[in-house]
Each structure stands twice: as C-alpha cells, then as structure tokens.
Amino acid sequence: MKHVRIARPVIISLLGVLLAFAGLVGVGPQARAATSVSIADLKAQAIYFQRVGNTTQRDLVVSSMAASSAWEGTLWTEFLASWQSIDEFLTINMSVPKGLPDKGHVFVVLGSALTKSGKMTALLERRLKVAVKALAQYPNSMVLVTGGVPKNGKTEAQVMRNWLIAKGIKASRILVESKSASTVSNATNSMAILSASPVYTSYTLISDASHIRRASVLFHAAAVLIQEQRGTAWPIKQASNVAYPDLATAGQVPLSSASIGTIASNVASLFKLLPQYQALVARPPVAAVLTSISVTPPARVTYAVGESLNPQGLVVKALYNQGVYYQDVTSRATITGFDTTTVGDAEATLTYAERAVTKTASFPYRIVKGSSKVTLSLSTTTVKRARTQVVVTAKVTASNVAPTGQVTFSLDGKVLKTVPLAATNNGVAKLTYPKISNAGQHQITVTYSGDAHLNAATKAVKITVTG
C-alpha cells in the first residue's frame, strides 16, 4: 500500500506524452480541420523556407499543415527531410550499383534535347550507354525512357527507345514517356506511368551526375503529388542512381544557393504552386511569433485522492501569429497545479516557453474520495460456547493513501467497540471478542468510517458457536 504525503502541488513534466502528429508513418488520409491559412499556401511556404534554409519555420509550417491534414503533413515531412539531405550530400554512383531489387524495379533514363534534325546528341547517348550496362547487370529490370520536345517529328523518348532496341534491349522491357518537356514533367509523367501498375515498386534514375540531385528531388515530389491526388499511400522508393560522370564533385558538397533556388522553383511548379511561391520570394513571410497555446484536456479528468495524472488524450498546441501557424508541443509543455491531496474541484495549468515568450492555458479536474476495503482475519474458527474468545484483526486498505478514521467492531448488530485508526498503524485494528454464551450462528461485523480522503467500507463474517 502506498502512503502519499504531498506538501505542495505536483509538477509533472510531460516528456513522452502522446504527440498528436508525431510518428504518423503508415497512416492513411484523415479528415481536415480548418486553419487560417490554406494548405496550398502552407506548402508554398514550406518550399520557400526550404530554399532559404529556415528549417525552424519550415517545420512549423509543416506542423500547421498536419493540423489541417495529418496525411499530407506526413508526406511533406518525409519529402522535405529527403530534399534537405540531397541538398547537403548525395551518393552518386558512377558505375552500376550492386544490390538493386530483382523484382518490380525500373531504370528511368532522363532525356535531353535532340538536334534540329531529330538525332541524338552525345550527351543523351552517354546516358543510354549507362542504361545498357545497368540493364545487362539486372536482366529482370525494366527501363523507362522519358522525354518529349519533338524535333523533325521525333521525340526524345522515341529516339531513345529505338537506340536501345538497336543495342539488343528487348522492346518488351522498354516503357516510353514521350510528352515531357522538362525535368519537372519528366518526373510527373514518369511517375504517373509507374503508379498505373502495382508491379513497379522501385526505380533508379539515370542521368548526368550534375543532374541527378535535382531529378531525385523532383521524382520524390512527383510521388508525393500522386499520393495526395489518390489519397492513399504508394510505397514506391528510389532504390539508387547511376550517372555519367560529367562532374567529379557531384553530390560531395552542399548545393549552391542558386541550385537550391532552381530546385525550389521546380518543386513549386510541380505542385502547381509557382505563383504563391514567387510571391513569397518577392515578399518573404513575417517571422513566426508564439501568441498563445491551446489545450485539449486529458480523456480522464476525475481522480481519487492520491492518484497520478493520466495524460492520455492531452494535447497542447502552440499558436503563432494569432493562429496562422500551429505546432504540437505536448512533449515540451509542463503542467503545474495538479494536486490530489484534497477532495474538490481544481485547475491544472499548462506552460510552454519559447524564445523568452511564455504562454499558459488550463483545464479543470476533480478529486474525489478513494475507495477502501476491509479484510478480516480470526484467531480461530473453532468457537466453543462460553469458552472461546475470538481475536478479530481488521485491515483497511486503499490505493495511494494511508487510511485514518475509525473502525467499529460489532457482534450480531451490537456495537462492541470503536477503535481510532491512525496513519501510522498501517490500517490495522484488533479486538478480542467476548465469550459467546449462545450456540448457533453469529455475525461479526467490522465497519470502517472513512475519512477526508476515503469512503467507508464494511466487512462481515459468520461464525458457528458449538456446545
């Protein structure tokens, strides 16, 4: 039994409490809640803050997105993390990598402009030579050639397909995308083809080393777009890349601000957010400032004396710029004023501080008396008339608090004695019952009165007195 002594209100750190939007991998689309900024504008802001390297405000924007749509918030969290990683560093394979999937895998060869007469350039041919090596090493893989922009009646993809067939690649292994005019449309059109069949589960990009990083970001973005449009997960992954080595340092150093800007503009175009993104570039958003917090109370707000807070269902959101942005801060908030020593109604206060700004909110709760239980043990169960005195030991137990009050011993409804119960005697009271002169069945009853913290309880036991 626990004996709780509380001299001051309990202060509880909420580390480890459920996060509203964390760990959402694998969840499906969820209903949206209204926010003061449209989700399209939030996406444009996420792209902008990614470009300028303001990851703090970018993450806040994505948290706000998650408040509107947990599904899209998850997609964008993963996408932006991948994009940032590619901006910083990317392993680019100058030869065909080992360990690519044996099933459901597609090499995607990005096209390049043809000559005016519709012939292949040296740049495009060197990419295809890389593809031939890759297809030889992975005979179960397909290849998708992507590129439009017709010249002399021929598209890039058509010329690429014919070249591969001339090099011995079976036509049945070749997928053709012949409408794209840029890397953005290479990505959207190619991923649309792959998403049309559940057979394709992974892809490897083939291009020049100087082009792979931008293409990798855009193909990931295209996969996000398809999932947003469908409202369901699509588990395709970029397995790797293989490139013609046109740039010795490709992938080994962070991208320049100019390159990052180009990618950001391409991403905005892919998601059809270019006007919103360009407006942000021209007039950057104001900095986010914490203006208030909101609290969703725990599912349980009634407790017995001595119980601990159950934070299940508690959500603390930080609101910025009067509710323009949201962020779940449950794990970083602290709670004070939760005190279970006194029966009655009270309020607990949540506090969240950020950059010298502190905000509070509260929720009501109620403390009620706890339950108690009386158990009895008898010194003997063999009782002889007018000869045996039974010693009755009563033990009062309760969760979280030591019982005080009184214990009353009775025999056949007649009170024999009332014994005070102190917190120091572990809830135990004893009485030696008098000799019983009448044979037959008798009832011993022990009643606990309860106290300021606990409800009353009673226990009765029957004994048989023999002659």
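The values are calculated or read from the model by the stated rules, or taken from the named source; none is laboratory data. Model, not experiment: these values are computed from the prediction. Cβ atoms come from the backbone with ideal geometry, glycine included; neighbour counts cover every protein chain shown. Only protein heavy atoms, including side chains, enter the accessible area calculation; ligands, DNA and RNA are left aside. Shrake-Rupley method; radii C 1.70, N 1.55, O 1.52, S 1.80 Å.
Taken over segment 204-222, residues that are open to solvent by 10 Å² or more (accessible area, probe 1.4 Å) and within 34 Å of the chain's Cα centre (by Cα) amount to 4.
If we keep just the residues of segment 238-262 that are within 28 Å of the chain's Cα centre (by Cα) and in contact (Cβ under 8 Å) with a residue 40 or more places away in the chain, which is least open to solvent (accessible area, probe 1.4 Å)?
My answer is Ser240.
A residue that is of a type in the set (Asp, Glu), surrounded by fewer than 23 Cβ atoms within 10 Å (Cβ to Cβ) and closer than 15 Å to Gly111 by Cα cannot be found anywhere in segment 147-159. Taking the criterion of being exposed (fewer than 14 other Cβ atoms within 10 Å of the Cβ) and modelled with pLDDT of 95 or more, the residues of segment 352-372 that qualify are Val357, Thr358, Pro364, Arg366. Taking the criterion of being in contact (Cβ under 8 Å) with a residue 60 or more places away in the chain and surrounded by 22 or more Cβ atoms within 10 Å (Cβ to Cβ), the residues of segment 106-126 that qualify are Val106, Phe107, Val108, Val109, Leu110, Gly111. If you check Thr330 against the conditions, is it open to solvent by 10 Å² or more (accessible area, probe 1.4 Å) and either in contact (Cβ under 8 Å) with a residue 40 or more places away in the chain or not charged (D, E, K, R) (or both)? No; evaluated as a whole, the condition is false for this residue. Scanning segment 312-327 for residues that are in contact (Cβ under 8 Å) with a residue 60 or more places away in the chain and surrounded by 19 or more Cβ atoms within 10 Å (Cβ to Cβ) returns Leu314, Val315, Val316, Lys317, Tyr320, Val324, Tyr325, Tyr326, Gln327.
Any residue at all in segment 274-283 that is modelled with pLDDT of 95 or more and under 22 Å from the mean Cα position of the chain (by Cα)? No, segment 274-283 contains no residue that is modelled with pLDDT of 95 or more and under 22 Å from the mean Cα position of the chain (by Cα). Within segment 333-345, restricting attention to residues that are open to solvent by 30 Å² or more (accessible area, probe 1.4 Å) and out of contact with any Lys or Arg (no Cβ under 9 Å at 6 or more places or on another chain), the residue that is farthest from Gly306 (Cα to Cα) is Thr334. In the set (1) part of a loop (DSSP other than H, G, I, E, B); (2) at pLDDT 95 or above; (3) surrounded by fewer than 22 Cβ atoms within 10 Å (Cβ to Cβ), Pro235 fails one condition alone, (2).
One line per residue, one yes/no per condition, for (1) within 42 Å of the chain's Cα centre (by Cα); (2) under 30 Å from Val316 (Cβ atoms); (3) open to solvent by less than 30 Å² (accessible area, probe 1.4 Å); (4) free of Cβ contacts under 8 Å to residues at least 24 places away in the same chain:
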site: Glu347; (1), (2), (3), (4): yes, yes, no, yes
site: Val374; (1), (2), (3), (4): no, no, yes, no
site: Ala423; (1), (2), (3), (4): no, no, no, no
site: Tyr433; (1), (2), (3), (4): no, no, yes, no
site: Ile444; (1), (2), (3), (4): no, no, yes, no
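Close Cβ contacts (under 6 Å, 6 or more residues apart or on different chains) running from residues in segment 283-301 that are within 12 Å of Gln327 (Cα to Cα) and open to solvent by less than 50 Å² (accessible area, probe 1.4 Å) to residues that are polar (S, T, N, Q) and not in a loop (DSSP other than H, G, I, E, B) comprise Ala288/Gln57.
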